[in-house]
1. In percent, how large is the relative contact order of the chain, given Cα pairs closer than 8 Å and 6 or more residues apart?
2. Please identify the GluC sites (Glu not before Pro) of the stretch 74-124 that satisfy two criteria: DSSP loop assignment and at most 15 other Cβ atoms within 10 Å. Which are they?
3. For the stretch 159-226, which trypsin sites (Lys or Arg not before Pro) are both in a DSSP coil and crowded by at most 12 other Cβ atoms within 10 Å?
4. Debye calculation, C-alpha points only, no solvent: report log10 I(q)/I(0) for the stretch 243-286 at q = 0.15 Å⁻¹, in the same order as the q values.
5. Under the rule of at least 5 residues apart or a separate chain, name every residue whose amide H is placed under 5 Å from the amide H of Gly186.
6. Using the beta-carbon distance between Val74 and Glu43 and R0 = 30 Å, what value does 1/(1 + (r/R0)^6) give for FRET efficiency, to the nearest 0.05?
7. Using the alpha-carbon centroid of each, what span in Å lies between the stretch 90-150 and the stretch 175-232?
8. Within 10 Å of each candidate Cβ there may be at most 13 other Cβ atoms; applying that plus a DSSP loop requirement, which trypsin sites (Lys or Arg not before Pro) in the stretch 8-90 survive?
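Coordinate-derived values only; no laboratory data. These numbers come from a predicted model, not from an experiment. Because the Cβ atoms are built from the backbone with ideal geometry, glycine has one as well, and the counts that use them run over all protein chains shown.
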Amino acid sequence: MSTREYGKELDVATQAARQAGAAILDFYNERSAAVYEKNDGSEVTDADLASDRIIREVIGDAFPGDPFLTEEGVDDEVRLASERVWIVDPIDGTNQFVNRTGEFEVLIALVVGDRPVVSVIYQPTGDVLLRAIAGEGAEVERQGRSGPLRFESVAESAPPRVLTSSWLGAPANVPALNRVSVALGGAETIVSNVGVSARRFVPPQTLCDAFVGVHVDGSSRYAWEWDFAAPDLVVFEAGGVTTDLAGNLHRYNKPNPVNIGGIVMSVDPTTQRRVLHELASVLSPEQLQNG
C-alpha cells in the first residue's frame, strides 16, 4: 500500500490499535477487568477505559491539534469546528469481551470533512488487522503476515448470503429480511450477536455477502458513528459498499453523532444494488428513512 497521503496517520493509528489491543488482551487473559454500567445501561470495563486512554495518548502525541470522538470520552464540541477528527471505539463489542467470545475489535478512523480517510480495525484475540487509506486500497494482516485485501464478488446470478445482528434490529427484522433473502434466491437470513464488522467479508472464511441493519419496530436504538466509520472505509477500499437503506453514504462528525437510516454493507456494488432494490420492495418508506 502506498502511504504518500495520510501515511503517517495510518502508521500512528496502527500503532495505537496494537498498543490498545495488547492492553485489552492483558485484561482478557487475566480476567481482571471490572465491569461497570453506563448511564444508558450498556457495559464498560477497565479494558475499554485503558484502550481509550492509550489511543488518545498515541494519536494525541503525533497529532496534538486533532480532536477525538470516542465512545468512552466526553463529547467535546470543538470537533465540529475541525476539518479532522479521530472517531474511535476502544472496544467494539464490549459484551463479547465480557462474555469471552473473542469477537471484539478496536476501531479507529480519521474523518476529514465528513468521510473517513484512514481506518484501522484490530481484533486482538486473533491478531487480525484490517486497515485502509482512502483511494489507496485496503490491507489485511494476520499474525505478522500482510497483503492486499480484496473481497470476493458475488455473481449476479448467485444468491448473496444476508446477515443481520441482534444489535441492529434482530430478531424483529428477520421476517422482513427473510423475504429479501428469498427474493434474491437465497436461504434465510443469518443472525449474529456481533455488530457491524468488516471481518465478516474477509476471505477465505466469509460469513456473508451483505450485512443489513434495520429496525422495523420503531426502535430508536441507532448505531453511533464510532460503530460505522472504520468499517465503512475498509469495506469501500476492499471493493465493497456501505450505505444507509436508501443508498446514501453515511456522514460523520455530525453534531449528534448517531447514524440513522439503517445500514447496508455488501462485498461489491452489484450485490449492494440487488439488496437495496429488494429492501425497497419489502420495507415501508418510514422504515427505509428511519432504519
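1. On the way: 634 pairs, mean separation 47.3, N = 291.
About 16 percent, as a whole number.
2. Details: sites: Glu77, Glu83, Glu103, Glu105; in loops: Glu83, Glu103.
Answer in residue order: Glu83.
3. Details: sites: Arg161, Arg179, Arg199, Arg200, Arg221; in loops: Arg161, Arg221.
Taking the stretch 159-226 and a limit of 12 other Cβ atoms within 10 Å, the loop trypsin sites (Lys or Arg not before Pro) found are Arg221.
4. -0.41
5. none
6. Numbers: r = 18 Å, r/R0 = 0.62.
Taking R0 as 30 Å, the efficiency between Val74 and Glu43 is 0.95.
7. Taking the Cα centre of the stretch 175-232 as reference, the centre of the stretch 90-150 is 17 Å away.
8. On the way: sites: Lys8, Arg18, Arg31, Lys38, Arg53, Arg56, Arg79, Arg84; in loops: Arg31, Lys38.
Answer in residue order: Arg31, Lys38.
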